[in-house]
Amino acid sequence: MEDRTIYLLAALLGGAILPVQVAINTLLRRYVGEPMQVTFISYLAGTIASLGICSLARYSLPSAAAISQTSWWMWIGGCLGTLYVWSTIFATPKIGAALALALTIAGQMIASLFLDHYGVIGLTKYTASPTRIAGAVLVVLGVSLVAYVKR
């Protein structure tokens, strides 16, 4: 079995970056206005950064043959990301970053258990065992604690 440490650290780093992204996007909303405008700016900056990284790494463009083998729905990942970014920009000022991200994580856990269990969208199947379900329930309980705020 391969060492998973680098993958675990990458996932942890990705998770740690999300609240920073949400905070930056929420602040930018104060200056720009609408959540979708901020989402556009966020994705434009991300597209430019991705293009720069691909250029520096000298990644070639995918071939027309490779692209022609894809299905239309494989291209909506960015659209789903847009919905995520917009939803956090929309919700965070009203419910706070902690609750917005707690709900995001709860939604991710519930959807991920389903996707893993059934091996949906080409994922490797990982059974929704009682232990994994209990972990998701604990996440949802944690969200409930974060949501319980006295002002």
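The values are calculated or read from the model by the stated rules, or taken from the named source; none is laboratory data. Predicted model, so just to flag it, every value in this text is computed and none were measured. Cβ coordinates were reconstructed from backbone atoms using ideal geometry, including for glycine residues, and neighbour counts include every protein chain displayed.
Structural remarks
- From A134, A98, residue being modelled with pLDDT of 90 or more and part of a helix (DSSP H, G or I): A134
- Residue, surrounded by the fewest Cβ atoms within 10 Å (Cβ to Cβ), within the range 102-151, restricted to residues that are within 21 Å of T88 (Cα to Cα) and of a type outside the set (A, V, I, L, M): Y148
- Residue check, S144 farther than 24 Å from T26 by Cβ, of a type in the set (G, A, S) and either touching a strand residue (DSSP E or B) at 6+ places or on another chain (Cβ under 8 Å) or modelled with pLDDT under 95 (or both): no
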